[in-house]
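First the structure, in the form of structure tokens, and then the observations on it.
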Amino acid sequence: MRTTRLWITLTVCLFATAISGWAQNKKPGLWQTTTIQTWQQSPFPPGMATGPNSPMGAPHTSLVCLTQAQLDKYGTFSPDPKSGGCTVSNIVKRSNGMSADWICTGAMSGKGSVESTWYDDGHSKSKVHFVGTLAAGANSRPVEFTSESTSIYKGPDCGSVKPFVMPEKK
């Protein structure tokens with residue numbers, strides 16, 4: 001169960017980080033993203049998803065490197081190849097943001113909505129709302145969560161932070 005909880009947390013944080021990177025004047029380089037995830041329906045026992053030892057419900061800050069190649073191909077960070085079967089589709093870009101569907105078909109399956117808004121070329125906010133199921137052994141448990149993120153551009157040099165490897169074309 002701990003592995004599943006960690007997998008969900010990492011997937012959501014990485015996805016929220018990616019979506020927060022969409023910006024009108026997109027800049028390759030280092031971005032700092034802070035994400036808070038809340039559960040409307042948790043697959044975990046009461047208190048497990050929001051207890052003192054859980055990353056859920058607490059802010060999670062990460063650094064992500066955005067490359068020009070990712071901007072050219074995706075308009076944002078490339079999807080993490082280890083994201084567990086989640087993809088972005090139906091992207092609609094606006095002058096000050098974007099929206100899309102988030103579809104997962106792995107251990108966590110279902111559909112989410114994504115919205116991102118930027119306020120200038122170095123700040124953005126995003127929100128993911130997901131409804132689906134989580135495989136727990138032979139059973140599936142319903143899940144629903146909201147993840148909200150803010151991102152700040154830190155500079156053109158990613159330093160030791162490595163970008164996601166872009167998925168190969170099939």
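All of the numbers you see were taken from the coordinates with simple rules; none came from a lab. Owing to the predicted nature of the structure, the values given are computational and were not obtained by experimental measurement.
Computed extension length for LYS93-GLU144: 15.8 nm, one decimal, from 0.36 nm per residue of separation with the Cα-Cα distance subtracted. Working note: Cα gyration tensor of region 97-154, eigenvalues times five, square-rooted, sorted largest first, giving semi-axes of 29, 10, 8 Å. Please compare each pair in LYS27/LYS127; LYS93/LYS162; LYS27/LYS111; LYS27/LYS154; LYS93/LYS154 to a cut-off of 22 Å on the Cα-Cα distance and tell me which ones are over it. Check vs 22 Å cut-off fails for LYS93/LYS162; LYS27/LYS111; LYS93/LYS154.
Amide H contacts for VAL143 (H built 1.01 Å from N in the peptide plane; partners 5 or more residues away or on another chain; cut-off under 5 Å): GLY132, THR133, LEU134.
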